[in-house]
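**Q** Take this structure, written in structure tokens, and hold onto it; I'll ask about it next.
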Amino acid sequence: MARRLSGREALRLLPTLRADPLTAISELTRAHGDLVRVPLPRGNQLVLTSRPELVGHVLVSNQDNYRKARTYRPLTEVLGNGLLTNEGESWAHQRKLVQPMFARRRIDAFAPAMVDAASTAMDRWTALGSGSVVDVADEMSALTLDVVGRALFSTDLSGEASQMAPALETVLESFVKVVRHPLFLFVPDYHRWPTPARLRLRARGAERHLRSVVDGLIARRRPETPGRAETADRADSPGRADNDLLDALLAARDDDGNPLDEQQIRDELMTFLLAGHETTANALAWTLLLLSRHPDARDRLVAEVDDVLSGRAATAADVTKLEWTSAVLSESMRLYPPAWMIEREARDADELDGIPVPAGSIVATPPYLVHRNPDHWPNPEGFDPHRFLPGAAGRHRLAYLPFGGGRRQCIGGGFAMLEAVLLLATITQRFELDLVPGHQPQALTAVTLRPANGIPMTLRPRTNAA
Ligand code: HEM
């Protein structure tokens, strides 16, 4: 079913679209089906679709016609020309450069660092004592930052978490304010205006703080003498891979043999620092919440983890055996996809199931809605990890896209799944967590789908772990 809203209907919708986009797009889809065209002021168009076939057209088969939408522009203020925000030839060159870092064999080498980070966090929880309450949203954020630091930069970033979290919060908050401002649709470089949100960002020094972390990473690694071997920050990193992402970036040469310029390296590091931890943290936090609401699924998880690991530390080789653990995470990302929205902008006019897509239209293909499309998912609102067990019914390949699709799909998908399975298994070996009674976690649609008011959970150490 395809539907084009009238100008009046669209105007009525605008305030909700800005204030609470998740509700707005969910209601639009409920009322009008999985393809809706919304005329916006000044000739702008929003085309919203949650039909996997059409999502495939935009992200894969006709992807040459779709660039990243202008809604990503404010992110370039912080991420510059990093892999997530860059376009064209320069993006393709960067992707080729970084891709080998994410080959299966390389990713598996990060497993010991991942498990070590999780064990350190579990030791800290143990010291807090049974019955203590932790906010798993914050905890998972600190843990995944620690993992990215160890795995990609061979550096201990755990001490940074307490300062980085508020800095990141401020940056993302200002991003959302800009994108949802009415002027954003009309003024191409509105994101550069000295708006109160932007000035606040500067005043709080949030961007500056994040940059200083990145500069510190580079400074500690730069070869000061040709004989550089292991610098202090790398030598004590357990499970460190032969070369990490920072090595690869510093060693990269263009076709003329020139190294990447300093700014490019900074942008790339900032991108991986942000894209590489916030998403996985949210996936894990939502998963722990779902498990506390579904004790049967949690019991099966505990049984599987104990059976496969028999009390020892998890390794990359265990992941294929941890089928239920993986299925739980996949189902959690179906219901709460950390990257809840993917948007593109049409270069030339196109058509989606008979609906014209004028050049310049924003085409929104939100995983959040695709994953709940009732034509593709029976009982779409229900939590059922069986959907992802080997042998489960097949589905359209774009009915599930937590990591996106086409050329721009997540480079860190394999890393994220390995990390999430190992972290969840390590947590499950040591603790059961229950949501504090009466707390109602809310989803906040910032850049990622994050818990708005935290997820406080009570720690129950497992005494009968194998
Ligand atoms: C559960 C965790 C994660 C989720 C759900 C996720 C999701 C996504 C999605 C949907 C995209 C595509 C965005 C678009 O098409 O507009 C993307 C891109 C990207 N992700 Fe992830 N991601 C996750 C973890 C990671 C990790 C761990 C890393 C790095 C280690 C990472 C690095 C990136 C980068 C660099 C891009 C841009 C790729 C490009 O355009 O070439 N992500 N991610």
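The values are calculated or read from the model by the stated rules, or taken from the named source; none is laboratory data. All values reported here derive from a predicted model rather than from experimental measurement. We place every Cβ from the backbone using ideal geometry, glycine too, and count neighbours over all the protein chains shown. Only protein heavy atoms, including side chains, enter the accessible area calculation; ligands, DNA and RNA are left aside. Shrake-Rupley method; radii C 1.70, N 1.55, O 1.52, S 1.80 Å.
**Q** Considering only region 67-78, I want to know if a residue exists there that is open to solvent by 20 Å² or more (accessible area, probe 1.4 Å) and away from the ligand (no atom under 15 Å from the Cβ).
**A** Looking for residues that are open to solvent by 20 Å² or more (accessible area, probe 1.4 Å) and away from the ligand (no atom under 15 Å from the Cβ), one finds at least one in region 67-78, hence yes.
**Q** Just checking, does region 360-379 include any residue being more than 25 Å from Glu419 (Cβ to Cβ), of a type in the set (A, V, I, L, M) and open to solvent by 40 Å² or more (accessible area, probe 1.4 Å)?
**A** No, region 360-379 contains no residue that is more than 25 Å from Glu419 (Cβ to Cβ), of a type in the set (A, V, I, L, M) and open to solvent by 40 Å² or more (accessible area, probe 1.4 Å).
**Q** Okay, next question. Suppose we filter Thr85, Thr76, Thr71 for residues that are in a helix (DSSP H, G or I), in contact with a helix residue (DSSP H, G or I) (Cβ under 6 Å, 6 or more places away or on another chain) and over 30 Å from Thr463 (Cα atoms); which single one remains?
**A** Thr71
**Q** How about region 1-62: which helices (runs of 4 or more DSSP H) wholly inside it have at least 2 residues that are closer than 28 Å to Pro451 by Cα and among the small types (Gly, Ala, Ser)?
**A** The qualifying helices (runs of 4 or more DSSP H) are 21-32.
**Q** Give region 127-152 a look and list any residue that's within 16 Å of the ligand (Cβ to nearest atom) and either without any contact (Cβ under 8 Å) to a residue 12 or more places away in the chain or farther than 16 Å from Glu278 by Cβ (or both), or say none.
**A** Gly149, Arg150
**Q** Given the residues Trp125, Trp91, which is the only one that is of a type in the set (Phe, Trp, Tyr), in contact with a Leu (Cβ under 9 Å, 6 or more places away or on another chain) and open to solvent by less than 10 Å² (accessible area, probe 1.4 Å)?
**A** Trp125
**Q** For region 80-106, what are the residues that are over 26 Å from Tyr400 (Cα atoms), in contact (Cβ under 8 Å) with a residue 24 or more places away in the chain and more than 9 Å from the ligand (Cβ to nearest atom)?
**A** Gly80, Asn81, His93, Leu97
**Q** On to the next question. Please go through region 411-450 and pick out each residue that is in a strand (DSSP E or B), at pLDDT below 95 and crowded, with 21+ Cβ neighbours inside 10 Å.
**A** Listed by number, the residues that qualify are Leu449, Arg450.
Results for (1) within 16 Å of the ligand (Cβ to nearest atom); (2) touching a helix residue (DSSP H, G or I) at 6+ places or on another chain (Cβ under 8 Å); (3) charged (D, E, K, R); (4) touching a residue at least 60 places away in the same chain (Cβ under 8 Å), shown as yes or no for each residue.
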| residue | (1), (2), (3), (4) |
| --- | --- |
| Pro374 | no, no, no, no |
| Asp384 | no, yes, yes, no |
| Arg387 | no, yes, yes, yes |
| His396 | no, yes, no, yes |
| Gly404 | yes, yes, no, yes |
| Gly414 | yes, yes, no, yes |
| Ala443 | yes, yes, no, yes |
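**Q** Let me ask something else. If we only count helices (runs of 4 or more DSSP H) wholly inside region 253-335, which ones have 2 or more residues that are of a type in the set (Lys, Arg)?
**A** Here the list reads 295-309.
**Q** Which numbered condition trips up Ala339, out of (1) in a strand (DSSP E or B); (2) within 9 Å of the ligand (Cβ to nearest atom)?
**A** Unmet for Ala339, out of (1) in a strand (DSSP E or B); (2) within 9 Å of the ligand (Cβ to nearest atom): (1).
**Q** Working carefully through the options Leu217, Leu260, Leu201, find the one that is buried (at least 18 other Cβ atoms within 10 Å of the Cβ), within 25 Å of the chain's Cα centre (by Cα) and modelled with pLDDT of 65 or more.
**A** On inspection, the qualifying residue turns out to be Leu217.
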